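Read the figures in this text as sums done on the coordinates, not as results from a lab. What you see is a predicted model; the values in this text were computed from it and never measured. Note that we place each Cβ from the backbone using ideal geometry, even for glycine, and neighbour counts take in every protein chain shown.
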Amino acid sequence: MANIMITDACNLRCPYCFANEFVNQDQNEITIDAFEKAVDFIVGDGSEKSLGLIGGEPALHSKFDILMRKVLCDRRIRSITVFTNGILLDRYWDVLTHPKVHLLINCNSPRDMGEHNYQRLCNNLKILFSQKLRTDYVHLGINMYRSDFEYEYMLDLLSRFNLDSVRVSVSVPNLSENRNIDPHAYFNGMKPRVLEFFTRLLENKVVPNYDCNKIPLCLITRDELTQFSHFLNDPVVAPKIEESSIFSPFVRCSPVIDILQDLSVVRCFGLSAYTRQKISDFSGIQELSAFYRREIDSYAYNTIYSTQCLDCYHRKVMKCTGGCLAYKIDAILTSKQYAENVMRSVSSQQCPC
Ligand SMILES: C[S@@+](CC[C@H](N)C(=O)[O-])C[C@H]1O[C@@H](n2cnc3c(N)ncnc32)[C@H](O)[C@@H]1O
Ligand code: SF4
Ligand code: SF4
């Protein structure tokens, strides 16, 4: 999946935001010319039929409707995901309710976004679900970023709008001091509240779906898992649980590519400091994805942040990366350097004939 960051302007300052090193830095928005280049880069080689728009808050781009119409009219594109905090949706109902558009609405608590903004979000959700009838193309999400994160407001939104799934993320590191750490203490700290939230969701017939940074299976005890087993007998939630990533043992980080306003590109904001490239150095998205897979992802299972992972079966069979790759990005870069040195020394020893 590739996203285009169309503006760094944002009307919120979420404490967990992993784009915070870019957001509200210089209120820089993408030009129409650069936007077209980014779109061509993503869908030009035919390997991708969808793209995402991110920010900052995408709806703050001064020409948001023009950018939207460009991608809506583009026959190479089948779906456009707009990542939004939901506050300004009412400015753009005409383009945002187009059948090609999926909305991923990041819902913050009233305390984090302010009562006024929260009311605007609620009003927009009300219009969206009651008048625009686009429920299947709209997903609400929550960032679980502290061990006492609030979730009652989310239960309320889900029940008010009769939704049966929610996207959940255990927030990934957004500051350099949180990278290259053993995150097990963080995951363990988050776990009681996360499991409590999941229980409340499932009791309300809502199935959570992990976005990324899933809590690794080694940190969930058998007893904790057993507490959820009766939901598998619930005829309403059981089929949805099977489709959800929630009980799968896989902890993966699929390469997300974020193209910035100046047409530089990073492999996800969480790894931005280590993975910045220019799209002009690649022929298209396929070549760039292969580059990130080779340079970063191929080391995801061969590197560890904790001795606990060393002999772990789930790592060896490529089921678990241990969570966000930012937790071991130094180990990944060291392994890569080592592999390059070996390759260099092997090729220098080759017979010249
Ligand atoms: C950077 S935001 C930009 C778009 C929009 N302002 C929003 O909040 O959705 C894009 C996505 O990043 C997610 N996100 C932000 N910080 C995160 C973090 N620390 N860990 C995981 N996801 C995060 C948000 O939930 C959102 O879905
Ligand atoms: S609304 Fe989105 S871009 Fe803005 S601070 Fe929050 S997560 Fe970051
Ligand atoms: S690889 Fe590490 S984090 Fe993942 S299950 Fe194994 S020990 Fe746990």
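One table, with the values for the structure above:
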read-out	value
Ellipsoid equivalent to the range 254-301 - semi-axes via the Cα gyration tensor, in Å	17, 13, 8
Rg/Rg_ref, the range 1-72, where Rg_ref = 2.2 N^0.38 Å and atoms are Cα	1.12
Estimated distance in nm for a label pair at residue 227 and residue 262, the labels positioned 7 Å out from Cα along Cα-to-Cβ	4.8
Residue among 211, 297, 281 with the largest mean-square fluctuation in a Gaussian network model of the chain, springs linking Cα atoms under 10 Å	281
Inverse mean reciprocal Cα-Cα distance (Kirkwood Rh) of the range 168-264, Å	15.2
Debye equation applied to the C-alpha atoms of the range 197-240, log10 I(q)/I(0) at 0.31 Å⁻¹	-1.20
Principal axes of the chain: Cα extent on each, largest first, Å	74, 56, 35
Residues 32, 257 arranged by fewest to most Cβ contacts within 10 Å	32, 257
Sequence of 202, 12 once ranked by neighbouring C-beta atoms within 10 Å, starting from the fewest	12, 202
Gained length - residue 74 relative to residue 180, 0.36 nm times residue gap less alpha-carbon distance	34.1 nm
For the range 214-353: span of alpha carbons on each principal axis (Å, largest first)	66, 40, 28
For the chain, built as a Gaussian network whose Cα springs stay under 10 Å, the top-fluctuating residue of 286, 227, 277	227
Rounded to 5, percent antiparallel among DSSP beta bridges of the chain	20
Dipole in debye (nearest 20) - the chain, about Cα centre, beta carbon charges: Lys, Arg +1; Asp, Glu -1	540
Selected from 162, 312, 3, residue furthest toward positive end of dipole (the chain; charges at beta carbon)	312
Amide H partners (placed H, <5 Å) of residue 138, local residues excluded	103
Descending Cα extents along the principal axes, the range 99-158, whole Å	37, 21, 16
Ranking of 35, 83 by count of other Cβ atoms within 10 Å, fewest first	83, 35
Computed Kirkwood radius, in angstrom, where 1/r is averaged over Cα pairs of the range 142-186	12.5
